[in-house]
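**Student:** Next up is a structure, given as C-alpha cells.
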Amino acid sequence: MPSIKLFELGPTRSARVRWTLLEAGLEYESIGNRVEVIGSEELQRIHPLGKLPAAIIDGQPLFESAAIATAIADLAPEKDLVAKPGTWARNLHYQWVCFVLTEMEAY
Ligand SMILES: N[C@@H](CCC(=O)N[C@@H](CS)C(=O)NCC(=O)O)C(=O)O
C-alpha cells in the first residue's frame with residue numbers, strides 16, 4: 001500500500017483527488033480539512049502558492065489536482081482508471097486534461 005497524505009478541504013478541487021482515491025481503493029491520511037490550511041507554511045512547503053489540493057505520495061510532494069489524480073490512478077493499474085504510460089491514449093489523456101485546465105477552467 002502506498003503512503004498517501006492529502007491536503008484537502010471539502011468543497012474544493014481536492015474533491016477530484018478524493019474521488020480518484022475512492023475509485024482506486026487506496027487509503028490516505030487527510031491533512032487540513034480546515035480553511036486555515038490554505039496558504040499555511042506547511043502547505044507552502046509543497047505548493048508554491050499554498051493552494052489545495054496537494055499531496056505527499058510515498059514521501060514525494062505533488063500538487064495540481066489533475067497531476068495528483070493521474071499519479072493515484074497509476075498506483076492502482078488493476079482498476080484501469082487511466083491509460084497506461086507510454087501509450088497514445090495516455091498522450092490524449094494529457095491533451096484533454098491540459099485543454100480543460102487551461103482553455104476551459106480558466107473561464
Ligand atoms: N489548478 C489547481 C487549482 C488550485 C486552486 O486554485 N485551489 C483552490 C481551492 S479549489 C485554493 O486553494 N484556493 C485558495 C487560494 O486561492 O488562496 C488545481 O487544479 O489543483
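**Student:** Dipole magnitude of the range 4-82 about its Cα centre, charges +1 at Lys/Arg Cβ and -1 at Asp/Glu Cβ only, in debye to the nearest 20? Write out the running numbers ahead of the final one.
**Tutor:** Numbers: 8 positive and 12 negative charges, 58 e Å.
The calculation lands at about 280 debye.
**Student:** Which residue, Phe99, Ala66, Ala83, has the largest displacement toward the positive end of the dipole of the chain when charges sit on each Cβ (Lys, Arg +1; Asp, Glu -1)?
**Tutor:** Phe99
**Student:** Sticking with this one: Quick one: Asp58, Asp74, fewest Cβ neighbours within 10 Å first, how do they rank?
**Tutor:** On the way: Asp58 10, Asp74 14.
Arranged by neighbour count, lowest to highest, Asp58, Asp74 become Asp58, Asp74.
**Student:** Residues with amide H under 5 Å of Ala54's amide H, sequence separation 5 or more or different chain, H placed in the peptide plane at 1.01 Å from N; which?
**Tutor:** Excluding prolines and chain starts, which carry no amide H, the hits are Phe7.
**Student:** Cα gyration tensor of the chain, axes a ≥ b ≥ c as square roots of the eigenvalues: rounded (a/c below 1.5), prolate (a/b > b/c) or oblate? List each step's numbers first, then the result.
**Tutor:** On the way: a/c = 1.98, a/b = 1.30, b/c = 1.52.
Oblate, since a/c reaches 1.5 and b/c is not below a/b.
**Student:** Could I ask something else about it? Based on the Cα atoms of the range 1-57, what semi-axes does the equivalent ellipsoid have, where each is the square root of 5 times one gyration tensor eigenvalue, given in whole Å with the largest first?
**Tutor:** Numbers: eigenvalues 73, 29, 14 Å².
Listed largest to smallest, the semi-axes of the range 1-57 are 19, 12, 9 Å.
**Student:** Return the loop-located trypsin sites (Lys or Arg not before Pro) in the range 11-61 (DSSP other than H, G, I, E, B) with at most 11 other Cβ atoms within 10 Å of their own Cβ; answer none if there are none.
**Tutor:** Working: sites: Arg13, Arg16, Arg18, Arg34, Arg45, Lys51; in loops: Arg13, Arg34, Arg45, Lys51.
Answer in residue order: Arg34.
**Student:** Using Cβ counts within 10 Å as a stand-in for footprinting exposure, how do Thr12, Thr70, Thr102 rank, fewest first? Could the numbers behind the result be given before it?
**Tutor:** Details: Thr12 17, Thr70 20, Thr102 9.
Ascending number of Cβ neighbours within 10 Å: Thr102, Thr12, Thr70.
**Student:** A further question follows. So what is the relative contact order for the chain, in percent, with contacts set as C-alpha pairs under 8 Å and at least six apart?
**Tutor:** Working: 149 pairs, mean separation 28.3, N = 107.
Relative contact order, the chain: 26 percent.
**Student:** Right, next: Where does helix 65-75 land angle-wise versus the long Cα axis of the chain, in degrees 0 to 90, nearest 10?
**Tutor:** 60 degrees
**Student:** Right, another one. When the helices in the chain are scored as -39500 (n - 2.57) per DSSP H run of 4 or longer and the sum is shared across all residues, what 222 nm value do you end up with, to the nearest 500 deg cm²/dmol?
**Tutor:** Numbers: 4 runs with 38 residues, N = 107.
Rounded to the nearest 500, it is -10000 deg cm²/dmol.
**Student:** Which loop-located GluC sites (Glu not before Pro) does the range 1-105 contain, where loop means any DSSP state but H, G, I, E or B and the Cβ has at most 11 other Cβ atoms within 10 Å? Let's see the in-between values first.
**Tutor:** Working: sites: Glu8, Glu23, Glu27, Glu29, Glu36, Glu41, Glu42, Glu64, Glu78, Glu103, Glu105; in loops: Glu27, Glu64, Glu105.
Hits after loop and neighbour filter: Glu27, Glu105.
**Student:** Explain nothing, just compute: Karplus ³J(HN,Hα) = 6.51 cos²θ - 1.76 cosθ + 1.60, θ = phi - 60°, for every residue of the range 37-51 in order, whole Hz, x for Gly and Pro.
**Tutor:** 5, 5, x, 5, 4, 4, 6, 5, 5, 10, 10, x, 9, x, 9
**Student:** Sticking with this one: Taking the beta-carbon count within 10 Å as an exposure proxy, list Phe63, Phe99 from fewest neighbours to most. Mind showing how you got there, number by number?
**Tutor:** Numbers: Phe63 18, Phe99 11.
The order, fewest Cβ neighbours first, is Phe99, Phe63.
**Student:** Using the Karplus equation 6.51 cos²θ - 1.76 cosθ + 1.60 (θ = phi - 60°), what ³J(HN,Hα) coupling, rounded to whole Hz, does each residue of the range 81-86 give in order, writing x for Gly and Pro?
**Tutor:** Running phi through 6.51 cos²θ - 1.76 cosθ + 1.60 with θ = phi - 60° gives 7, 8, 4, 5, x, x Hz.
Every read-out reported here was derived from the displayed coordinates using simple, explicitly stated rules and does not represent laboratory data. Note that the coordinates shown come from a computational prediction; the quantities given were computed from them, not determined experimentally. Positions of Cβ are backbone-derived with ideal geometry, glycine not excepted, and every protein chain shown enters the neighbour counts.
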